[in-house]
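Worksheet for the structure shown next.
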């Protein structure tokens, strides 16, 4: 065994052939781990290693392992056969192979990539295992104490802020449209006066004001508008001396008659 081969087997102890002992090297879990160690021995970047030299080193390892009666796993032998095949393809002139079959350079590149990936995984595992461990290097505190959370609400909004929020919400709901309030039906005072003037001479003595309302304005909000407009029209006619108005008491019925009408009804003051 050469000196270089002997350096690769510092972890093995050779005893009597009948009492040969196989030493399990920590961290070597397969042929790729061995290839990674051999690649590091080249003292170059893994991406720039020599595949031919790596294959020679691996095959030398297999031959040396056989000499000390080491039972090799099948994966190691398969890797040795694959590396021998790859070395033969790299040494011999490369011919254009069948479609879909990778070339020797492509297989060498893939091997370098797998070694780079394995090296990164082992480095990450080393950094992870080198961190401080709980209950060995660092220790957690005791049971956490209960935290009393006291929530205090402070309202800082002013009336202007509330009005601004309301206006913004209204503008968003309207979608930029102008607000159009719903208009209640209104009986115009001029229309009510014209109607009363046409009724002059036909109104019975001291007729109640509610009896002078138009038929179609007798109910709901229309009634309130008609009552107010008719009252204002009667006041204008009383001012002009065309009608007279009487009321028996506060909030009682208002009576209307023509200026040249008959006697006042009983109990009317």
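None of the figures in this text is laboratory data; all of them are computed from the coordinates on show. Owing to the predicted nature of the structure, the values given are computational and were not obtained by experimental measurement. Cβ atoms come from the backbone with ideal geometry, glycine included; neighbour counts cover every protein chain shown.
Which length gain, in nm to one decimal place, applies between residue 169 and residue 84 when the Cα-Cα distance is subtracted from 0.36 nm times their residue separation?
Working: separation 85, 0.36 × 85 = 30.60 nm, distance 7.90 nm.
Roughly 22.7 nm would be gained on extension.
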Full-extension gain in nm, residue 236 to residue 106, via 0.36 nm per residue minus C-alpha separation = 35.8 nm
query = Under the definition of Cα pairs under 8 Å and six or more residues apart, what whole-number percent is the relative contact order of region 189-258?
reply = 42 percent
inquiry  = Using a 7 Å offset from the Cα along the Cα-to-Cβ direction at both residue 158 and residue 143, what is the distance between the two label points in nm, to one decimal?
reply    = 5.2 nm
D_trans [Stokes-Einstein, Kirkwood Rh over alpha-carbon pairs] for region 93-237, 25 °C, 0.890 mPa s, µm² s⁻¹ = 90 µm²/s
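State the three equivalent ellipsoid semi-axes of region 153-209, derived from the C-alpha gyration tensor as the square roots of 5 times its eigenvalues, in descending order and whole Å.
On the way: eigenvalues 549, 55, 11 Å².
With the √(5λ) rule applied to region 153-209, the semi-axes are 52, 17, 7 Å.
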query = For all pairs of alpha-carbon atoms in region 189-258, what percent lies in each bin of width 5 Å, listed from the first bin to the last filled one?
reply = 4, 18, 30, 28, 16, 5, 0
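Can you tell me the order of 128-139, 164-175 when each peptide is scored by its average per-residue count of other Cβ atoms within 10 angstrom, highest first? Mind showing how you got there, number by number?
Details: 128-139: 7.9, 164-175: 9.9.
Top to bottom by mean Cβ count within 10 Å: 164-175, 128-139.
Just to verify a number: FRET efficiency for residue 125 and residue 151, C-beta to C-beta distance, R0 = 45 Å, to 0.05?
0.45
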